[in-house]
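K.L.:
Mind having a look at this structure? Questions to follow.
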Amino acid sequence: MFDKHEQLHRCRKTLYNLLMGFERTRWRQFTRRELLRQAAWAGALLPWAGSAILLGDTRKKGKQAQQGTPPNSSPFFQVDEALLEEVESANFRFFWEQANPETGIVRDRCNAINPDKSDLGSIASTGFGLTALCIGDQRGYVSHIDARNRALTTMRFLWKKLPNHRGFFYHWANVNSGERLWDSEVSSVDTSILLCGILTCRAHFQHSEISQLAAEIFNRVDWTWLSEDTRILPHGWTPENGFLQYRWDNYSEMMMMYLLGLGSSVYPLPPETWTAWKRITFEYDGIRYIGSFAPLFVHQYSQAWFDFRNKRDQYTDYYQNSITATDVHRRFCLDLAPQFPDYSDDLWGITASDSARGYVVWGGPPATGPIDGTVVPCATGGSLPFLPQATIRVLQTIKNRYGQRAWTRYGFVDAFNPLTNWYDTDVVGIDTGITMLMAENARSGYVWKTFMKNPEAQRGMERAGFKSYQPEQAAKSD
């Protein structure tokens, strides 16, 4: 039998020729970020403007995007709250059970039908997992003492034992030993996700040792090394080949990385790094928004922790931009309904995920990847704060109509295709994580409120030039 984890991750070596490792006689496929880089390298995702022409016009144009979650209030009916409570509780179970209790490192994924014991851990999954501990404590899924002790164990291991370079961690680690796996890169964005989880724990637990460890881990990260000869930060570094050639040069999930670097008091990024990356504007169905890649997760990840509501920099309101991008994606899926009749107002959402043919980076607009009618629950789960009524409707449909095969003890499977009767058996840490965090943000704003207590987060947004404003008033004055 081939190891699915190895199938998903070994081929980074083939794509970049940057990683040195032992030969394996296994399948090789691409992880989310490698496929995004490959697509960008090949120019497959540009240009996007005007792509609506290819997909037809099946609805009236110009309809405004649905408004997002009001601050400090839940937009959900009781039946929807019940579903989200079930979702978050199941998601928490993944992060509790699929972490090594001696190291705190969380597995990248697991088979939820026949659980495996892979050693492949992900620092991004661990960052989501640290945040999940805070939510689990807040919601009563675990005792305060148990949640605090797991956070302490994890952060002690991160500080003392997990290999790092200049404070940045390797993308993949052995969940038992912390050993670098897959000859992986020191990852700038995955380290950033981990740091977000660490800072959330500091603000939530308010425990002296957790606070000290969080400060030490965060302050060890040398952002000046990462930006030594560039204002556009690289994706990572390997001891074998140095910095990767790919740069975070366009709007995507990387906003958190720049903001954390700007917020550092020890090795801060210069303010001009925030203005150095591109913000390309696209149009679909008469609606314009900032975007870069087709998968919907690029509009979600940074906003799982950083609270962009009622704030804008010199360029845009990124929260409103994510609302628009989500609504555009919904329209895009509905436009595909003649070809894939499972897509409807009750069932839509595509982002990078598993498929019947392996891991695929797909989404739109424009149609990217071999779209085949597959539905990805975290596409709508990760967008709950942006379109609460439209997204909860989809999650209710998945649970009620397909739950016997699309639901597991850890929540929704990573993907499924009702047209071909294919249902994934795996759940993926980062996809489970974005669903859990955004469900909580949509319900209570808890992750936003907790994370934004950190001076690093506040300082990063200030140095990036964010100012508070009222979107409606701004719209009237335009």
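The values are calculated or read from the model by the stated rules, or taken from the named source; none is laboratory data. Keep in mind that this is a model prediction, so the values were computed, not measured. In this analysis, Cβ positions are derived from the backbone assuming ideal geometry, glycine residues included, and neighbour counts consider all displayed protein chains. All accessible areas refer to the heavy atoms of the entire protein, side chains included, with ligands and DNA or RNA removed. Shrake-Rupley method; radii C 1.70, N 1.55, O 1.52, S 1.80 Å.
K.L.:
Counting Lys and Arg as +1 and Asp and Glu as -1, what is the net charge of the other residues whose Cβ lies under 13 Å from the Cβ of D342?
P.N.:
-2
K.L.:
Compute the distance from the alpha-carbon center of segment 87-123 to that of segment 430-466, in whole Å.
P.N.:
After rounding, the separation between the Cα centres reads 23 Å.
K.L.:
In whole percent, what relative contact order does segment 319-463 give with Cα contacts below 8 Å and a gap of six or more residues?
P.N.:
Relative contact order comes out at 20 percent.
K.L.:
Still on this structure, please answer the following. Under a plain spin-label model, where a point goes 7 Å from the Cα along Cα-to-Cβ, how far apart in nm are H144 and R231?
P.N.:
Spacing of the two 7 Å Cα→Cβ label points: 4.7 nm.
K.L.:
Given a 1.4 Å probe and every protein chain left where it sits, what share in percent of the accessible area of segment 304-406 is carbon and sulfur?
P.N.:
Ligands and nucleic acids excluded, carbon and sulfur reach 44 percent.
K.L.:
Sort segment 98-220 into rounded, prolate or oblate with this rule: let a ≥ b ≥ c be the square roots of the eigenvalues of the Cα gyration tensor; rounded if a/c is under 1.5, and if a/c is not under 1.5, prolate when a/b is larger than b/c, oblate otherwise.
P.N.:
oblate
K.L.:
Another question about this same structure. Quantify how much of the Cα-Cα distance distribution of segment 412-454 extends past 12 Å, in percent.
P.N.:
Summing the P(r) of segment 412-454 above 12 Å gives 66 percent of all pairs.
K.L.:
Cβ under 13 Å from V266's Cβ, V266 left aside: what net charge do those residues give with Lys, Arg +1 and Asp, Glu -1?
P.N.:
In short, 0.
K.L.:
How far is the Cα center of segment 330-376 from the Cα center of segment 227-258, in Å?
P.N.:
Segment 330-376 and segment 227-258 have Cα centres separated by 29 Å.
K.L.:
With the contact rule set at Cα under 8 Å and sequence spacing of 6 or more, what percent relative contact order holds for segment 87-172?
P.N.:
Dividing the mean separation by the residue count of segment 87-172 yields 31 percent.
K.L.:
State the percentage of accessible surface on segment 81-238 attributable to carbon and sulfur atoms; use a 1.4 Å probe and exclude ligands, DNA and RNA.
P.N.:
It is 43 percent, rounded to a whole number.
K.L.:
Quick one: length gained pulling E462 to L419 fully straight, 0.36 nm per residue minus the C-alpha distance?
P.N.:
Value of the extension gain: 10.7 nm.
K.L.:
With a probe of 1.4 Å, find how much accessible area segment 361-417 has per residue, and write the answer as a whole number in Å².
P.N.:
The answer is 26 Å² per residue.
K.L.:
For segment 197-216 and segment 134-183, what is the separation of their C-alpha centers, rounded to whole Å?
P.N.:
Taking the Cα centre of segment 134-183 as reference, the centre of segment 197-216 is 12 Å away.
K.L.:
Let me ask something else. If I model segment 97-164 as equal point scatterers sitting on the Cα atoms and use the Debye formula, what is log10 I(q)/I(0) at q = 0.14 Å⁻¹?
P.N.:
For segment 97-164 at q = 0.14 Å⁻¹, log10 I(q)/I(0) is -0.42.
K.L.:
Using a 1.4 angstrom probe and counting only protein chains, how large is the accessible area of I290 in Å², to 10?
P.N.:
Estimated to the nearest 10 Å², I290 gives 20 Å².
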